[in-house]
Amino acid sequence: MGLQAMVEPGPGTITELWTVFNKRLSEIECLSLSETRLGICEYYPDITDESEFSYIACKEVAQSKQIPLGMISRRIPSSKYAVFSHHDSIQHLKDTYQFIYGVWLPESGYELAELDTIEYYEFKAGHSDCELGIYIPIK
């Protein structure tokens with residue numbers, strides 16, 4: 001369950017969305033005990049490096065009984081994903097994505113599935129770097 005917004009590529013507007021979401025986290029019932037947060041980049045077939053896209057800053061819930069005002073609930077479908085790790089500043093996340101889509105995917109023999117990309121964040125207080133798992137849907 002989380003907040004959805006149209007965002008620009010880069011950390012600026014996504015960071016702002018996370019700030020608002022983290023302040024509203026207490027409004028969500030049935031939160032999972034994990035500190036993991038999820039970022040969902042909605043699938044768009046014609047997205048470019050410059051395109052705005054829909055992003056959801058969210059957290060897993062045990063059940064979605066009541067959705068707070070302005071938030072949405074999203075179920076992540078079961079699928080095959082290629083999993084990548086990013087252990088660096090969020091400012092360098094674009095480099096990781098450029099490797100995934102510009103190098104790995106064309107050489108992998110896989111195609112991008114028409115599903116959302118999921119980011120699993122492990123936030124650590126006082127650290128500027130983040131641990132992030134990137135799940136790219138493939139077929």
Practice task
For residue 101, indicate whether it is part of a loop (DSSP other than H, G, I, E, B), within 15 Å of residue 134 (Cα to Cα) and among the aromatic types (Phe, Trp, Tyr).
Solution key: no
Completion exercise
All-but-one check, residue 110 against (1) assigned to a loop (DSSP other than H, G, I, E, B); (2) modelled with pLDDT of 95 or more; (3) loosely packed, with under 12 Cβ neighbours inside 10 Å; (4) not aliphatic (A, V, I, L, M), failing number (3)
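Kindly indicate which of 81, 55, 43, 97 is more than 22 Å from residue 108 (Cα to Cα) and surrounded by 15 or more Cβ atoms within 10 Å (Cβ to Cβ).
Details: 81 fails: more than 22 Å from residue 108 (Cα to Cα); 43 fails: more than 22 Å from residue 108 (Cα to Cα); 97 fails: more than 22 Å from residue 108 (Cα to Cα).
That would be 55, the only listed residue that is more than 22 Å from residue 108 (Cα to Cα) and surrounded by 15 or more Cβ atoms within 10 Å (Cβ to Cβ).
Quick one: is residue 48 polar (S, T, N, Q), free of Cβ contacts under 8 Å to residues at least 40 places away in the same chain and under 17 Å from residue 10 (Cβ atoms)? Write out each step before concluding.
Details: polar (S, T, N, Q): yes; free of Cβ contacts under 8 Å to residues at least 40 places away in the same chain: yes; under 17 Å from residue 10 (Cβ atoms): yes.
Criteria met by residue 48.
Take the conditions under 18 Å from residue 98 (Cα atoms), assigned to a strand (DSSP E or B) and among the aliphatic types (A, V, I, L, M) and apply them to residue 47. Does it pass? Let's see the steps before the verdict.
Working: under 18 Å from residue 98 (Cα atoms): yes; assigned to a strand (DSSP E or B): no; among the aliphatic types (A, V, I, L, M): yes.
Considered against the rule, which asks whether it is under 18 Å from residue 98 (Cα atoms), assigned to a strand (DSSP E or B) and among the aliphatic types (A, V, I, L, M), residue 47 comes out as no.
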Practice task
Consider only pairs whose beta carbons are under 9 Å apart and that are at least six residues apart or on different chains; among these, list those whose first residue lies in the stretch 75-103 and is in contact (Cβ under 8 Å) with a residue 60 or more places away in the chain and among the hydrophobic types (A, V, I, L, M, F, W, C) and whose second residue is in a loop (DSSP other than H, G, I, E, B) and surrounded by fewer than 16 Cβ atoms within 10 Å (Cβ to Cβ).
Solution key: 90/128; 93/10
Exercise for the section: Could you list all residues from the stretch 1-40 that are outside any helix (DSSP H, G or I) and among the charged types (D, E, K, R)? Expected result: 8, 29, 35, 37
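If you check residue 105 against the conditions, is it surrounded by 14 or more Cβ atoms within 10 Å (Cβ to Cβ), at pLDDT 90 or above and out of contact with any strand residue (DSSP E or B) (no Cβ under 6 Å at 6 or more places or on another chain)? Give the derivation first.
Working: surrounded by 14 or more Cβ atoms within 10 Å (Cβ to Cβ): yes; at pLDDT 90 or above: yes; out of contact with any strand residue (DSSP E or B) (no Cβ under 6 Å at 6 or more places or on another chain): yes.
The answer is yes for residue 105.
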Problem - All positions within the stretch 61-73 that are farther than 10 Å from residue 28 by Cα and in contact (Cβ under 8 Å) with a residue 40 or more places away in the chain - result: 70, 72, 73
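The values are calculated or read from the model by the stated rules, or taken from the named source; none is laboratory data. Being a predicted model, the structure only gives us computed values, none of them experimental. All Cβ positions, glycine included, derive from the backbone under ideal geometry; neighbour counts span all protein chains shown.
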